[in-house]
Amino acid sequence: PEERLRIDDLLRHFPAQSETKMQKLLDGLGTLWRQNPDEKIVIFATYLGTVDMIFREIERVFPGQGVVVLRGGDHGAKAAAERRFRAKNGPHVLVCTAAGREGINLQFCPLVINYDLPWNPQRIEQRIGRCHRYGQKHDVVVVNFVDRSNEADARVYELLDQKFQLFSGVFGASDEVLGAI
């Protein structure tokens, strides 16, 4: 408890502001929803703290759009989150941890945002596979957020790019292009 109080006290000395990636996400969502107010979006993030931050910021900036979070738990929790998101007047954003990579069908949603990238390309494929599957009526657009000024982000992106190039060299070209914002 004393350490938490000390941390809270220290944080009061720093200005409250969104990080660059978060601001770019919010700007992009604003642009997207001005063009298509009904667009549904799946956002993947690795860490629970990041998922919570994304949820809070989208709710703060776009209170009418609605956000549902899929953190894990039993299959019933996943199914409930999927049903809420799927509903015609349901939330427009589903924010997922790794729990959203498997066991749900989001083929009605054509936009996947990877707020952070896992180092394993198979995990990216699993994320995309929630939307890009049989029955999808639209091209699925995947947006990868990479802060190139962040050494960890940049390194993960480089490793993934090398792995995708290796895969293409061995198995043939894919329709995916690894790009970053």
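The values are calculated or read from the model by the stated rules, or taken from the named source; none is laboratory data. Just so it is clear, the structure is predicted and the values come from calculations on it, not from any experiment. Neighbour counts run over all protein chains shown; Cβ positions are idealised from the backbone, glycine included. Side chains are part of the model used for accessible areas, which takes the heavy atoms of the whole protein and leaves out ligands, DNA and RNA. Shrake-Rupley method; radii C 1.70, N 1.55, O 1.52, S 1.80 Å.
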Estimated FRET transfer efficiency (residue 31, residue 125; beta-carbon r; R0 35 Å; 0.05): 0.80
By average C-beta atoms within 10 angstrom, highest first, the peptides 56-68, 104-116, 33-45: 104-116, 33-45, 56-68
Most to least accessible of 55, 145 (protein chains only, probe 1.4 Å): 55, 145
Cα→Cβ-extended label distance, 7 Å offset, between residue 108 and residue 23, nm: 3.6 nm
The stretch 57-130 - percent relative contact order, Cα under 8 Å, separation 6 or more: 29 percent
Gain upon complete extension [residue 47, residue 159; 0.36 nm per residue less C-alpha separation]: 38.3 nm
